[in-house]
């Protein structure tokens, strides 16, 4: 693939990405929120940990899990060594950008309301 073709492909991917960021995706506020919920639900051990956190939150204060708690859990689970917080590069910029797009309260509300 020549440089011009790569540039066109990159622009098309960027255009698709920006379109996805602005609209709902599969009933969620955006793709980033949907994919976080998908990963939390589809990894059995991770899902079990989330369920345990929701149950503990409901026992403690009756509310379940907060969006902030869920975000912290995701960072600690998927980046246990804190690499994304210590390295500055293109990849980490994309990670932070996507993580900032997640509606953490929307995901936590789904767990609290649906019972997981």
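The values are calculated or read from the model by the stated rules, or taken from the named source; none is laboratory data. All values derive from a computational prediction rather than experimental measurement. So basically every Cβ, Gly included, is an ideal-geometry build from the backbone, and we count neighbours across all protein chains shown.
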Only residues that are in a helix (DSSP H, G or I) and surrounded by fewer than 16 Cβ atoms within 10 Å (Cβ to Cβ): list them for the range 22-34, please. 22
Checking residue 96 against (1) under 15 Å from residue 33 (Cα atoms); (2) at pLDDT below 90; (3) buried (at least 16 other Cβ atoms within 10 Å of the Cβ), only one condition comes out false. Which one? (3)
Name, by its number, the condition in (1) out of contact with any helix residue (DSSP H, G or I) (no Cβ under 7 Å at 6 or more places or on another chain); (2) in contact (Cβ under 8 Å) with a residue 12 or more places away in the chain that does not hold for residue 59. (2)
Out of curiosity, is residue 79 surrounded by 11 or more Cβ atoms within 10 Å (Cβ to Cβ), at pLDDT 95 or above and under 14 Å from the mean Cα position of the chain (by Cα)? no
